[in-house]
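Worksheet: one structure, shown below.
Throughout, read-outs are computed from the coordinates displayed, never taken from laboratory work. For clarity, every value in this text was computed on a predicted model and none was experimentally measured. Cβ placement follows ideal geometry from the backbone for every residue including glycine, while neighbour counts extend to all protein chains displayed.
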Amino acid sequence: MAGRIEDYALIGDLETAALVGSDGAIDWMCLPRFDSPACFAALLGDENNGRWRIAPADCAEARSAGPRRCDRRAYRGDTLVLDTVWTTDGGAVRVTDFMPPREGAPRLVRMVEGLAGRVEMCGELRLRFDNGRVVPWTRTVDARTVAAVGGPDSVFLRYDRDDVSISVSNHCTRTLFSLSAGERISFVLDWSPSHIPSKPGADSMELLDETQEFWRTWTGRCSYQGPWREAVVRSLITLKALIYAPTGGMVAAVTSSLPECLGGERNWDYRFCWLRDSTFTLSCLLRTGYREEAVAWRNWLVRAVAGQPDDLQPLYGVAGQRWLPETEAFWLDGYEDSRPVRFGNAAGGQLQLDVYGEVLNTVYSAVRAGVPIDRHMWRVVASLMDYLEKHWREPDAGLWEVRGPPRHFVHSRVMSWVAADRALRMARIAGLRSSAERWRAMRQEIHDEVCREGWDAEQRSFVQSYGSHRIDASALLLPRLGFLPPDDPRVLGTLAAVAGTLGHEGFLRRYAEADGGGPGEIDPFAAHEVDGLKGPEGVFLACSFWFADALAAAGRREEADAVFARVLDARNDVGLLSEEWDPVARRQLGNTPQAFSHVGLVNTAFALHGTRNEARRRQASG
């Protein structure tokens, strides 16, 4: 039985990641990289779909209420090394989980240390390749090694003591051992292609020291010194762990098909890189002093979008691959019976016009930050604008990747305005002044159209799409994108409408689920007609950060601080945020940990810190 989403902590090696539950079980891990098939998929099924649990023997067996959880756990300082402590009648132990930054094949280390007394421990390793479907052949290689092979995958489990009782039966490798205070045993799991023999690695203590040193050196580069620094640094560590180091692409999350509504069908694969996140991500990294990661992300973006401008996708694979076919895993029951379980993402084939604005806004932000742009990128800018000039009037799937009919989404129009605006700003630098007049006219036409067709005078708010009365949280981005100033009456009216319509227990939904439209009317665009899906969802955490940003920009700093504090409270015990939150049940929802949520946290901390400093400066000068 999988734990709650907030029960999981993240460990990773900058190419893949694993989720460690508070019950000592690793219920999710994909090898050898983020978007590979999972070898532990109990998160989306049960233990027979793959898991690795290490816990005290008297805690290991599932009971009616589920397995017992640890007494406490925490990351070891500003690192991605996780310590989990268990206390039993016999004593106490600590399990330390980590993945050394990759120098070859992926490696996961689980180190168990006796803290007090003597504790009997039990380990159960159930490897299931191909997303929990393939049971490998398992054999004992020698007194300290077990090997499992299935198709293209092989895994070797090595341990460094002889007094371990090990048995392989019913497709489960079971280990029994006991530790007294001061004693230690390490289990190291290595993956390799099945046709290449795995080789033993370095001593586990050396691996631990190297891993801690890597993260401490990396976090030491953080330039943020404002309030909420602990939350900001933990978010940055999480974001670093979501970056696929060989290419610089950042996955949206390490999981697939965790539901946005328990038992519902809003279950998507997020192990890919979204252009939607590109500007916010670049800003987050540059602001905090991580220029190297920002440049790598920009370079990934340039490579990914290379090709014909009409072939621009909303998302790509970690290496920039375009073919991301969506399939359903019929053999998995889904997280808390949330089906279907999906791998791959069909949104890659959608028309989302907002991504053109995202790409150009990212390039512009990089230029402003002094990141060099070569001639090829300037040609890409011109090519994307040539396409957008012809197609910005078309309906699309929008920011939220709806699977209902295409609409004239206001956010997509605004991002087309952003594309024209940023291209104009860069025209002189890029030597594209011959196109400037066309882009200026395009920018003005879009602005006029959005203010006319996207504005609902009765609600005094911008709406989700032309002809709809539905309020959408993406309208909060208008001042941040420069479309209107933050004190414009239309922005303030939208802020009030968003708060009144989308607010839920102090958080924000993305858009109204079945909003009644204008006075006395029924909105013709019911929720299922907009996104093509049934059922509700939780509050979207990134939208709550946008809300705090908009409040701060409007001068309402105390309210902004209160919103920010509520979202910080939605973090789990080790500081992680998923995509969504159920404020009534107080449960995390959606894929985890979510890059969009953690990017939002960092950027909002900067926004609120900046407004505080500005207020102090005004007081001092007054």
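Taking label positions 7 Å along the Cα-Cβ direction at both R303 and E230, the computed distance is 3.8 nm, reported to one decimal. Sites listed here are chymotrypsin sites (Phe, Trp or Tyr not before Pro) in segment 304-370 whose DSSP assignment is loop and whose Cβ has at most 10 other Cβ atoms within 10 Å: W323, F330. Taking a ≥ b ≥ c as the square roots of the eigenvalues of the Cα gyration tensor, an a/c ratio of 1.5 or more together with a/b no larger than b/c marks segment 1-106 as oblate. From the alpha carbon centroid of segment 173-215 to that of segment 101-142 is 9 Å.
Name all residues of segment 83-99 having a backbone nitrogen under 20 Å from the label point set 7 Å from the Cα of A116 along its Cα→Cβ direction, giving them as ranges. It comes to 83-96, nothing else.
Note on segment 253-274 and segment 558-589: Cα centroid distance 18 Å, given to the nearest whole angstrom.
When you restrict to C-alpha pairs under 8 Å that are six or more residues apart and normalise by the size of the chain, the relative contact order lands at 12 percent.
Extension gain for T327-Q444 works out to 37.9 nm (0.36 nm per residue, less the C-alpha to C-alpha distance). Potential lengthening of the chain between R379 and D488 amounts to 35.7 nm, from the contour at 0.36 nm per residue minus the alpha-carbon distance. Among V463, V491, a tally of other beta-carbon atoms within 10 Å of each Cβ gives an order, fewest to most, of V491, V463.
Length available on full extension from C172 to D337: 0.36 nm per residue minus the Cα-Cα distance, which gives 57.0 nm.
Under the criterion of Cα pairs below 8 Å and six or more residues apart, the relative contact order for segment 5-202 equals 19 percent. Charged neighbours of W392, selected by a Cβ distance under 10 Å, balance to -2 (K, R count +1; D, E count -1).
Both radii come from the Cα set of segment 222-372: Rg as radius of gyration, Rh as Kirkwood radius; their ratio Rg/Rh reads 1.01.
Projecting the Cα atoms of L44, L492, A457 onto the charge dipole of the chain (Cβ charges, centred on the Cα centre) puts L492 farthest toward the positive pole.
Under the combined filter of DSSP loop state and at most 16 neighbouring Cβ atoms within 10 Å, segment 374-470 retains these GluC sites (Glu not before Pro): E458. Restricting the calculation to alpha carbons of segment 5-202 gives Rg and Dmax of 15.6, 46 angstrom.
Give the distance, in whole Å, between the Cα centre of segment 314-350 and the Cα centre of segment 408-473. So the two Cα centres are separated by 31 Å. For segment 5-202, the residue among G114, L80, W191 whose Cα projects farthest onto the positive side of the dipole built from Cβ charges is W191.
In terms of surrounding Cβ atoms within a 10 Å radius of their Cβ, W417, W400 rank from fewest to most as W400, W417. Bridging of K199 to lysines at a Cα separation below 30 Å is possible for K240, once same-chain residues fewer than 8 apart are set aside.
When semi-axes √(5λ) of the Cα gyration tensor in Å is calculated for this entry, the matching label among (i) 41, 30, 23; (ii) 64, 30, 24; (iii) 44, 25, 24 is (iii). Relative to the Cα centre, the charge distribution of the chain, modelled as +1 at Lys and Arg Cβ and -1 at Asp and Glu Cβ, gives a dipole magnitude of about 1640 debye. With neighbours defined as other Cβ atoms within 10 Å of a residue's Cβ, the residues V355, V295 order from fewest to most as V295, V355.
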